[in-house]
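Read the structure below first, then the notes.
The values are calculated or read from the model by the stated rules, or taken from the named source; none is laboratory data. No experiment lies behind these values; they were computed from the predicted model shown. Note: ideal-geometry Cβ built from the backbone for every residue, glycine included; neighbour counts use all protein chains shown.
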Amino acid sequence: MKPEILGAAKIAGALLGAGILAMGTALQPAFAQDTITYGVVSDQSGPGVPNQLPYLRGIQTQFNKVNDAGGINGRKIVLLAEDDKFQVPLGIAAYKKLASNDDVIGISGLTLSGTQVAALPLVAKDKIPVVGPDGTTDASLEPFQEYMFMLVPSYPVQAQVILGAMKDRVGKDKPKVADISVNVESGLGWQKLISETAEAAGTEYVGGVLMDATATSADAIVLKIQQMEPDFIAAHTTGGQANLILKSMEKFGLNIPVMATYASGTPSAYAGLSPEIGAQWQFVHGITPPSVPTDGGKQMLADAEKYGFGKDAASSDFVVGYVAGQLVVQALTDAGENPTRETYHQALVALKDVDTNGLSPSVSFGESRMGINLARPYGYDYATQAFTAVGEWDAYRQYVK
Amino acid sequence: MIFFLQLLVSGLAVGSVYGLVALGFVLIFKATDVFNFAQGDLLAVGAYLMFVALAVFNLPVALAIIATVVAAGILGAMLQRVVFKPLQGQPLLTVVMATIALSLIIQGALVIIFGSQDLSFPRTLPSSIVAIGALRLSMLDLIIMGCSVVCVSAFALFFRYTSLGLQMRATAEHPEAAALSGINSDRVFTVAFSIGTVTAALGGIFLGSLQVVSPTLSQIGLLAFPAVVVGGLTSIPGSVIGGLLIGVLQQLSAGYFDGAVASVVVYSGLLLVLLLRPQGLLGRPSVQRH
Amino acid sequence: MAAIDAPATALLSVSNIEVAYGRSAPALRGVSLRLREGEVVSLLGANGAGKTTLIRSISGLLKLHSAKVLSGQVNLDGARIDGVAAHHIARKGLSQVPEGRMIFANLTVAEHLQIGALSAPVEKHEMSRRLVLDLFPALRPRIDDQAGWLSGGEQQMVAIGRALMASPRLMLLDEVSLGLAPIITRSIFEQLDRYRRETGCAMLVVEQNAKLALDFCDRAYVLDRGRILLEGSAADLKADPRVQDLYLGEAPGEGSAYTFRDAKRYRRRTRWLK
């Protein structure tokens, strides 16, 4: 073969291979007659992968489980997972494909905030129930969205829990709070949120720092925080960033407690640190991270292992997907023999006090469409290498307005 | 003042990592004319290899580093044989596209093999805190800086004083004349790719120790490119200096401005250097290729 | 004029090769050439006659220039070398001083010699180095200077020195006189002659300066438009009126100032030779 053609063929093969690999192990659609098709829009190959891929696997696990047990009222549920590569235009295009071409009965995902917000009018027009994105934008709650069924406590709820719980823990009359936020849209929103609600929560806002997602050292950030002299820090960062922040705090001998959003809730935040330093960082979540021993957690891990998702089941995002999947399956079952978007929607609204076996507080959608409107903090136990819950769910209801 | 010095030191440590990756890139480019867009991904591969050595094979840290470096060297040689040798003589764009494809394949493969979660080294290099006056340094930072100095010096000596180094310099400058003199360019290219991959892997080991091992390491590795451009595309010491500069600029701008501004400052600096001195700080005004 | 047959045990034998660049018409057609151990052979011809192509066919650089031997063979010491990589051929005892010198501008003179020595056994290195510096004492004070800074003549000495370091059995010299003042050229050829006498190295000399070449060599070939036009001993060719007319020119002592008009005239006059 001519060298040029051989070279070109190799490149074509490489690109093809790259394309196939990039798709990962996403399920391929099987267009059988007696099936229910369900869509997920999430990042399968871009920077959001560490959080969004486990979320997808969580849903997949539930669907595989119900299919193995005979399906939903005898019908197999088919998952169509579209890759938005963490880009809004691709996410919207994916949504449109699922809603129109594939005519799915419901959708999950739409986690990327830009995509979520842009999709809201389309969702309302198509009347497609969207269950449990792995993140809740303000726009999904206010004004009221008929078809958005949220699971992850919104940032305002997390802020209320963090500010309230830390105020009580610090014990001062008006403790000073600073924020560290990842330098993306949600982080900017978080910074604004803390600065605006600190007063109402009985705390004093003394400033905030933004941290680049690709920063390899938090020294500059921590030094700036040191100058602000806060009593505690309300943070919204990734697990990797949390790790860097803790390392820098150790370097400079800073002993300021941090309570963060769920985004930093991964074991890697605590890696390579002493228990004393690790104890400084807690994160809140509306679900129970996998390593906290619960009956639901054990079952979930067993299910995940069965379908080859054991690695992903170590992530809290997997839990969100798993719970979302459970609710979807239940609502579709409740919707009867031939579910339509309409009957499925009604079934979702009717879900009340669904027990997730310890994986979350009981879930009710109802009028508010907010399935889990609560969060509680978790810490990391170095001895057992597992997360531990700090108190019961109910202890934190008082902070949520 | 302490604030500035503290940031400077952090910047140098991080910059050493960029410098190492950039060094490998320049090396490959000088010897083989290949613009390796997958260099940042090779950094991620190094970090994951180290993880495997530590977590799967349970090697002690020192042994794990050696194993990772050896594996990276072999990988580099294989890449040359399998991907770049067949593409020799092809136009630049073709080869660039091949490196981009390689980059995508590596990223995809890492996610498939290791999952998308952040991982961390179960045992790390020493990271105790060292105080020098009012400055606080992590032992890890010092080790990284020290290692980079050693690596750069070792490579400089290699190039200047060994026969293979001489052959590489000759091949890089004039491949035809080198062939006439009995130099096996294929062997030279293989060595270049091996060394280039090894330096990237070392960067990955250090970066994985500084923070966590995740697919985003590939993106951090991309910061090696501004380092290369600033330092001069064909200058090995330049690439290291470029890396240090980028690291310091990053830290200083994160300290004095905001996280958002850091990228702007870094790339504005890059642009400024290019406008004033297109060949980079230490590059040659024009690269002669016969 | 009868072609002189070299005995079967030639050091270098080019047998009826046809060479083309890419898909173009062949640059060499049916070219044969023989060279014995210790012989000096010249290759003469106008620009574009195919001299450099012939040299590339011998030293293994055709592939680099997207050309190949379509038919025929090239043998060095009985072993086939057409299609073999250049660096392998260099290690078999063939050195080249390429057209334009092809020095490494950033490497020092000493490093050039070091590189040249790669193809030679280690025992010979020191002796070869002394010999080179003996032949070209002008290089001694410049031994640690980067070659890019040397004068044209010095660079040519470096290129030759590099080739000599390999202790070659056959040297290819491509347009050594190009761009050099006559006095320097003469001196270089004198040293080459001395080297040949001391080591018995065979040489294939490509030269536009036909007078210089014919004074230096034992036998010569004349290449024209990809074919061997003439071959014979140096004496015979010097006496040949065609060679006198076209290559040795009228201007005494000068190299051939071969112009395009000369070429046209030559072509018109030699039409009958085909």
* Considering each of B:Leu92, B:Leu54, B:Leu102 in turn, give the residue that is over 15 Å from the mean Cα position of the chain (by Cα), buried (at least 19 other Cβ atoms within 10 Å of the Cβ) and over 30 Å from A:Ala220 (Cβ atoms). => B:Leu102
* Residues that are buried (at least 23 other Cβ atoms within 10 Å of the Cβ) and within 30 Å of A:Ala218 (Cβ to Cβ), drawn from the stretch A:273-312 -> A:Trp281, A:Gln282, A:Phe283, A:Val284, A:His285, A:Gly286, A:Ile287, A:Thr288, A:Pro289, A:Pro290, A:Asp312
* Might you check whether a residue that is within 17 Å of A:Ala302 (Cβ to Cβ) and in contact with a strand residue (DSSP E or B) (Cβ under 8 Å, 6 or more places away or on another chain) occurs anywhere in the stretch A:68-87? => no
* Asked: Does the stretch B:156-171 include one or more residues that are touching a residue at least 60 places away in the same chain (Cβ under 8 Å), away from chain A (no Cβ under 13 Å) and touching a Leu at 6+ places or on another chain (Cβ under 9 Å)?
  -> yes
* Just for the stretch B:212-260: of the residues that are under 13 Å from the mean Cα position of the chain (by Cα) and among the polar types (S, T, N, Q), which one is farthest from B:Thr124 (Cα to Cα)? -> B:Ser239
* Tally the residues that are buried (at least 17 other Cβ atoms within 10 Å of the Cβ), among the hydrophobic types (A, V, I, L, M, F, W, C) and assigned to a loop (DSSP other than H, G, I, E, B), restricting the search to the stretch B:111-158. => 2
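Pick from the stretch A:30-59 the residues that are of a type in the set (S, T, N, Q) and in contact with a helix residue (DSSP H, G or I) (Cβ under 8 Å, 6 or more places away or on another chain): which of them is farthest from A:Phe86 (Cα to Cα)? Give the steps one after another, and end with the answer.
Taking the stretch A:30-59 first, the residues of a type in the set (S, T, N, Q) are A:33, A:35, A:37, A:42, A:44-45, A:51-52.
Narrowing the set further to residues that are in contact with a helix residue (DSSP H, G or I) (Cβ under 8 Å, 6 or more places away or on another chain) leaves A:42, A:44-45, A:51-52.
Values: A:Ser42: 7, A:Gln44: 8, A:Ser45: 8, A:Asn51: 11, A:Gln52: 10 Å.
It comes out as A:Asn51.
Which one is farthest from the chain's Cα centre (by Cα), of the residues in the stretch A:52-77 that are in a helix (DSSP H, G or I) and over 30 Å from B:Asp118 (Cα atoms)?
Out of the qualifying residues, it is A:Asp68.
Results for (1) in contact (Cβ under 8 Å) with a residue 60 or more places away in the chain; (2) aliphatic (A, V, I, L, M); (3) touching a Cys at 6+ places or on another chain (Cβ under 8 Å), shown as yes or no for each residue.
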| position | (1), (2), (3) |
| --- | --- |
| C:Arg36 | yes, no, no |
| C:Val40 | yes, yes, yes |
| C:Leu43 | yes, yes, no |
| C:Ile55 | yes, yes, no |
* Asked: With respect to the numbered conditions (1) over 21 Å from B:Pro215 (Cα atoms); (2) within 11 Å of chain A (Cβ to nearest Cβ); (3) part of a helix (DSSP H, G or I), which one is the sole condition not fulfilled by B:Leu63?
  -> (2)
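So that you can scan it fast, the table gives a plain yes or no per residue for (1) in the same structural domain as A:Glu196 (by TED's automatic domain parsing); (2) of a type in the set (Lys, Arg); (3) farther than 25 Å from A:Gly286 by Cβ; (4) not in a helix (DSSP H, G or I):
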position: A:Glu82; (1), (2), (3), (4): no, no, yes, yes
position: A:Lys97; (1), (2), (3), (4): no, yes, yes, no
position: A:Val123; (1), (2), (3), (4): no, no, no, no
position: A:Phe144; (1), (2), (3), (4): no, no, no, yes
* Do we have A:Phe309 as at pLDDT 90 or above and either among the charged types (D, E, K, R) or more than 21 Å from A:Leu56 (Cβ to Cβ) (or both) here? -> no
* Breaking point among (1) of a type in the set (Val, Ile, Thr); (2) touching a Leu at 6+ places or on another chain (Cβ under 9 Å); (3) outside any strand (DSSP E or B), for C:Thr52 -> (2)
* Given the residues C:Pro141, C:Pro137, which is the only one that is more than 25 Å from C:Thr199 (Cα to Cα) and free of Cβ contacts under 8 Å to residues at least 24 places away in the same chain? -> C:Pro141
* Filter the stretch A:336-370 down to residues that are crowded, with 19+ Cβ neighbours inside 10 Å, of a type in the set (S, T, N, Q) and touching a strand residue (DSSP E or B) at 6+ places or on another chain (Cβ under 7 Å), then give me how many there are. => 1
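Here is a yes/no grid of residues against (1) within 13 Å of chain A (Cβ to nearest Cβ); (2) in a helix (DSSP H, G or I); (3) crowded, with 24+ Cβ neighbours inside 10 Å; (4) modelled with pLDDT under 85:
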| position | (1), (2), (3), (4) |
| --- | --- |
| B:Thr190 | no, yes, no, no |
| B:Ala201 | no, yes, yes, no |
| B:Gln219 | yes, yes, no, yes |
| B:Thr234 | no, no, no, yes |
| B:Val240 | no, yes, yes, no |
| B:Gly247 | yes, yes, yes, no |
* Would the stretch A:84-105 turn up any residue that is out of contact with any Ser or Thr (no Cβ under 6 Å at 6 or more places or on another chain) and within 14 Å of chain B (Cβ to nearest Cβ)? -> yes
* Structure fact -> The condition from (1) part of a helix (DSSP H, G or I); (2) out of contact with any helix residue (DSSP H, G or I) (no Cβ under 7 Å at 6 or more places or on another chain) that B:Pro278 misses is numbered (1)
* Residues that are within 11 Å of chain B (Cβ to nearest Cβ) and closer than 25 Å to A:Tyr155 by Cβ: find the helices (runs of 4 or more DSSP H) completely inside the stretch A:226-327 holding 1 or more of those. => A:239-251
* **Residue match in the stretch B:109-117 (condition: more than 9 Å from chain A (Cβ to nearest Cβ) and within 22 Å of the chain's Cα centre (by Cα))** => yes
* Structure fact -> Restricting the stretch C:83-101 to residues that are surrounded by fewer than 21 Cβ atoms within 10 Å (Cβ to Cβ) and not in a helix (DSSP H, G or I), the one farthest from the other protein chains (Cβ to nearest Cβ) turns out to be C:Gly83
* Structure fact -> Residue pairs qualifying under the 6 Å Cβ cut-off, at least six apart or on distinct chains, with the first in the stretch B:52-73 being closer than 20 Å to B:Gly203 by Cβ and the second being charged (D, E, K, R) and assigned to a loop (DSSP other than H, G, I, E, B), are B:Leu54/B:Arg123; B:Val61/B:Arg123
* Contacts under 7 angstrom Cβ, first residue in the stretch A:179-196 being assigned by TED's automatic domain parsing to the domain that holds A:Leu244, partner part of a loop (DSSP other than H, G, I, E, B) and among the aliphatic types (A, V, I, L, M), 6 or more apart -> A:Val182/A:Ala213; A:Asn183/A:Ala213; A:Val184/A:Ala213
* Among the residues of the stretch A:207-223, is there at least one that is surrounded by fewer than 19 Cβ atoms within 10 Å (Cβ to Cβ) and of a type outside the set (Ser, Thr, Tyr)? -> yes
* Structure fact -> Residue hits (the stretch B:79-108; more than 8 Å from chain A (Cβ to nearest Cβ) and in a loop (DSSP other than H, G, I, E, B)) are B:Lys85, B:Gln88, B:Pro91
* Output the qualifying pairs, or none if there are none: Cβ atoms under 7 angstrom, residues six or more apart or on different chains, first residue in the stretch C:149-162 and more than 20 Å from C:Asp193 (Cα to Cα) and assigned by TED's automatic domain parsing to the domain that holds C:Leu113, second residue among the β-branched types (Val, Ile, Thr) and surrounded by 24 or more Cβ atoms within 10 Å (Cβ to Cβ). => C:Leu150/C:Val158
